[in-house]
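Only the coordinates and a few stated rules stand behind these numbers; no lab work does. Fair warning: this is a prediction, and the values are worked out from it, not measured in the lab.
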Amino acid sequence: MCPSADPDAAARTKAPPEGVPGLERPLCEPVELAPGARIRIERVRSGPDTGASGSFPHFHDVHEVVLFGDVAGWMFAGDMRWPLRPGCVVSVPSTRAHDFVLEPGARDWVLLQVDAASADALLRRPGLSPLASALCAVPDEARRVRLDTLLEWLLPLPADDPQALALVELV
């Protein structure tokens with residue numbers, strides 16, 4: 001079930017980012033978590049012949065973290081835009097309108113979606129408040145190795161495994 005879009009988004013958004021029509025009127029992308037699950041995790045890969053992605057401004061009722069391997073393109077959220085490049089990590093809070101526009105070519109990423117209530121509880125922890133806003137960052141090598149290790153532990157677990165949310169807290 002999709003909530004209404006962030007009511008403050010229109011006030012914060014000066015204009016849709018150039019080249020991304022419709023970001024001011026995003027669509028709700030439904031995300032279903034498995035019964036009893038607080039997370040959804042998926043590895044996505046596409047080959048070198050993959051075409052460019054079209055614009056799809058959207059929001060959903062889960063907090064989304066995307067850990068990119070190979071990628072080239074842009075992320076848009078509100079009136080901000082970030083270049084996407086290999087190794088970057090994106091965080092988008094629940095109900096925040098955002099978009100990814102990807103260039104053609106091979107790409108891969110891990111998509112981690114956390115239910116809004118669990119994400120809100122995590123965001124109240126010391127040091128995690130920056131994740132309350134959309135962001136894109138490139139972690140240093142040591143942090144990236146740590147993230148990759150945690151994801152390798154997390155990916156094979158069933159979404160409703162009690163250890164899954166504990167591992168998400170470490171990501």
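First check a/c for region 17-149, with a ≥ b ≥ c the square roots of the eigenvalues of its C-alpha gyration tensor; if it is under 1.5, answer rounded, and if not, answer prolate when a/b is larger than b/c or oblate otherwise.
Values: a/c = 1.42, a/b = 1.16, b/c = 1.23.
Note, shape of region 17-149 comes out rounded.
Classify region 85-149 as rounded, prolate or oblate from the Cα gyration tensor: take a ≥ b ≥ c as the square roots of its eigenvalues, call it rounded if a/c is under 1.5, otherwise prolate when a/b beats b/c and oblate if not.
Working: a/c = 2.08, a/b = 1.32, b/c = 1.58.
It is oblate, given that a/c is not under 1.5 and a/b is not larger than b/c.
Please work out the Cα center distance from region 30-58 to region 64-99, rounded to the nearest Å.
About 13 Å separates the Cα centre of region 30-58 from the one of region 64-99.
Need one word for region 33-79: rounded, prolate or oblate. Basis is the Cα gyration tensor (sqrt eigenvalues a ≥ b ≥ c); a/c below 1.5 gives rounded, then a/b vs b/c decides. Walk me through the numbers on the way to the answer.
Working: a/c = 2.30, a/b = 1.37, b/c = 1.68.
Oblate, since a/c reaches 1.5 and b/c is not below a/b.
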